[in-house]
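A.B. asks: Below: one structure in structure tokens.
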Amino acid sequence: MTASPFLAKSKPAKSQTIVVKIGTSSLTRSDNQLALSVLARLVETLSQLRQQGHRVILVSSGAVGVGCARLGLRERPKAIEQKQAVAAVGQGRLMRVYDDLFTVLDQPIAQVLLTRGDLMQRSRYVNSYRTFQQLFQLNVIPIVNENDTVAVEELKFGDNDTLSALVASLVGADWLFLLTDVDRLYSADPRANPDATPITWVQDLEDLNIDVGDRGSAWGTGGMITKLEAARIATSSGIRMAITNGQSPDNILKILAGEPLGTQFAPQPKPNNARKRWIANGLQPTGRLYLDPGAARAVGQGGKSLLSAGIVAIEGDFQAQDAVVLCDRNGQEIARGLVNYNHHELQQIRGRRSSEISMILGYDGADTVVHRDNLVLNPDTLGSEIKPMAADEQPH
């Protein structure tokens, strides 16, 4: 008989790094006021984890919702400048409540506000990592939220499910817990479909066949789609993830003890290293390179560097060292990586041998377009057969 994945793989290590995200729907009541009883149980649970020697990060939603309640607004604002103003009002109030509750248990906390730009630039990414490590050494629980007050649309995470997964990837966490308004993942939205069946264990995201819908709560931004994207980021980084009910934060302790609560996602057995996690998850690609079948196989199945001779088409305006997506001729993503040439240069050298690059461009450039050390394979295409495409179907 196969051993239970919960008991066999959930034994808590002596000290683990645990990221917990709680959503607006769990933090607030129906009147949009803070659910203080839930907050108190959450604070008690996280403090207990710290006392057990674990490193803990809380990613907390709720700033916009609390700001709306403070200002007497009945609807969540839609314009980004309104959200930023309301978040500025709510963030201080939210942190004040957290600080009061954690102080009762003598647990120091810190506020960490991030934008996507903090994770896109390598130096800021590394500095963010070092800040978290220093806070851990000081026995502090960092409370993270998106810096809504200053973030512009193109530099926003979009939702705190994604933010929490990126933070977990950044610090190399062991666990990511998403506390939400449902007790686990279902085959469909249980609020709309009474026939929805619960899912307790996910070994491989590709095996899921569910209708996730697109709705979050009235005051939140994340539906089940964003939670599955968080699972993709976390599991590809070697992080085990669980979705469980935010009304019972002590479920975290039970899951760590091996109880089969919520929905748990198995981590990939061979996760990327820290730099490749940054390339795969921290960066937003600015272009696409389409490869011929030989190059697609060399990169996707052999993990080889990409050479200019294997590129058949280019999309996007990008500079050297930007992130790009490597695709086969059908547009299926094979990998992501940092490109050594800008789009103008690549248009000139695509399909040509590396030995011809200096003659074409007039200077000595890199032999590779994307070096294998700066390339992250898409786990969904590993081992898949990459077939050529008909000439009349090729991208232009």
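The values are calculated or read from the model by the stated rules, or taken from the named source; none is laboratory data. Not measured: the values here are computed from a predicted model. For neighbour counting, all protein chains shown are included, and Cβ atoms are generated from backbone atoms with ideal geometry for every residue, glycine included.
A.B. asks: May I ask you to say which residue of 358, 308 is of a type in the set (Gly, Ala, Ser) and free of Cβ contacts under 8 Å to residues at least 40 places away in the same chain?
C.D. replies: 358
A.B. asks: Ok, one more. Hey, any hits in region 117-127 for a residue that's of a type in the set (Phe, Trp, Tyr) and touching a Ser or Thr at 6+ places or on another chain (Cβ under 9 Å)?
C.D. replies: No - not one qualifying residue is present in region 117-127.
A.B. asks: Just checking, how many residues over region 93-107 are over 20 Å from residue 164 (Cα atoms) and part of a helix (DSSP H, G or I)? Give the steps one after another, and end with the answer.
C.D. replies: Going residue by residue through region 93-107, those that are over 20 Å from residue 164 (Cα atoms) are 93, 96-97, 99-107.
In the following step, the residues that additionally are part of a helix (DSSP H, G or I) were identified as 93, 96-97, 99-104.
Within region 93-107, residues that are over 20 Å from residue 164 (Cα atoms) and part of a helix (DSSP H, G or I) number 9.
A.B. asks: Okay, next question. Could you say whether any residue in region 59-82 is at pLDDT 95 or above and hydrophobic (A, V, I, L, M, F, W, C)?
C.D. replies: yes
A.B. asks: Taking region 61-99, which residues are over 17 Å from residue 145 (Cβ atoms) and within 25 Å of the chain's Cα centre (by Cα)?
C.D. replies: 78, 79, 81
A.B. asks: Shifting gears a bit: Could you tell me whether any residue of region 64-83 is in contact with a strand residue (DSSP E or B) (Cβ under 6 Å, 6 or more places away or on another chain), touching a residue at least 40 places away in the same chain (Cβ under 8 Å) and in a helix (DSSP H, G or I)?
C.D. replies: Within region 64-83 (the criterion being in contact with a strand residue (DSSP E or B) (Cβ under 6 Å, 6 or more places away or on another chain), touching a residue at least 40 places away in the same chain (Cβ under 8 Å) and in a helix (DSSP H, G or I)), the answer is yes, since at least one residue qualifies.
A.B. asks: Go through region 158-190 and report how many residues are at pLDDT below 90 and either small (Gly, Ala, Ser) or not assigned by TED's automatic domain parsing to the domain that holds residue 39 (or both).
C.D. replies: Counting residues in region 158-190 that are at pLDDT below 90 and either small (Gly, Ala, Ser) or not assigned by TED's automatic domain parsing to the domain that holds residue 39 (or both) gives 3.
A.B. asks: OK, next. Condition (residue is farther than 21 Å from residue 120 by Cβ and among the hydroxyl-bearing types (Ser, Thr, Tyr)) applied to region 338-356: is it met by at least one residue?
C.D. replies: There is at least one residue in region 338-356 that is farther than 21 Å from residue 120 by Cβ and among the hydroxyl-bearing types (Ser, Thr, Tyr).
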